[in-house]
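See below for the structure under consideration.
The values are calculated or read from the model by the stated rules, or taken from the named source; none is laboratory data. The structure displayed is predicted, hence computed values, not measured ones. For neighbour counting, all protein chains shown are included, and Cβ atoms are generated from backbone atoms with ideal geometry for every residue, glycine included. Ligands, DNA and RNA are stripped out before the accessible areas are found, and what is left, the full protein with its side chains, is counted by its heavy atoms. Shrake-Rupley method; radii C 1.70, N 1.55, O 1.52, S 1.80 Å.
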Amino acid sequence: MEEEIIELAVRSGMPRMTARVHVDLLLSEDGRRTAAELTRRLKVSPASVSVAVNFLVQQGYVRRERDPQRRRDIYVVDDDAWYHSIVISSRQTLESAQAAMAAAETLGLDTPVGQRLAKVGTFLERVIEDMMESAGRWRTLLA
């Protein structure tokens, strides 16, 4: 089962090591691991774990917590991570939509390229707005 989930994540565009770290966190009992635990469990270098965790944090799949007694980070995947991941992805896509619309205006809305970019920007903007509304509406399922 673990390999199937990793392969699905890889097919969706996630780097393999990142997928391995993510799945290990997802399948852990409490959704928490230190970098040392991930390194040991996955039999990879600390640098590999660091790169993977940074990507997961940046995309909202994982968050960092600080263990004040042991002075190290603990990486956590919780149910709310899915919501945060959608929000981050949506913001990135919205930036692309806005860039397309700005380019359309620069090139001229009366040109074929300008019209095409304006349509793409509007489409992306509307789909993302719907997705954000839906994510907010269904967020309670994660609580």
message: Explain nothing, just the number: relative contact order of the chain, from Cα pairs under 8 Å at least 6 residues apart, as a whole percent.
response: 17
query: How much length, in nm to one decimal, is gained on full extension between Val57 and Glu105, taken as 0.36 nm per residue of separation minus their Cα-Cα distance?
result: 13.8 nm
field: Arg71-Glu133 pseudo-label distance in nm [points 7 Å out on the Cα-to-Cβ vector]
entry: 5.1
task: Could you state the angle between the C-alpha long axis of helix 46-58 and the longest principal axis of the C-alpha atoms of the chain, as a value from 0 to 90 degrees rounded to the nearest 10?
output: 40
task: Find out how many positive minus negative residues lie around Arg116, taking Lys and Arg as positive, Asp and Glu as negative, among other residues whose Cβ is under 14 Å from that of Arg116.
output: -1
- request: Would you mind checking the tilt of helix 16-27 against the longest principal axis of the Cα atoms of the chain, expressed as 0 to 90 degrees and rounded to 10?
  value: 60
task: Over all alpha-carbon pairs of the chain, lay out the pair-distance distribution in 5 Å bins, whole %, shortest bin first.
output: 2, 10, 15, 16, 15, 12, 10, 8, 6, 4, 2, 1, 0
List Thr122, Thr106, ordered by accessible area with a 1.4 Å probe, largest first: Thr106, Thr122
message: Output needed: percent of Cα pairs per 10 Å distance bin for the range 85-143, bins running from 0 to the one holding the longest distance.
response: 25, 40, 22, 10, 3
field: Accessible area of Ser48 in the full protein assembly, 1.4 Å probe (Å², nearest 10)
entry: 40
message: Ignoring everything except DSSP H segments at least 4 long, calculate the 222 nm mean residue ellipticity for the chain; use -39,500 (n - 2.57) per segment, divide by total residues, nearest 500.
response: -23000 deg cm²/dmol
query: Angle between the Cα long axis of helix 2-11 and the longest principal axis of the chain, 0 to 90 degrees, nearest 10?
result: 30
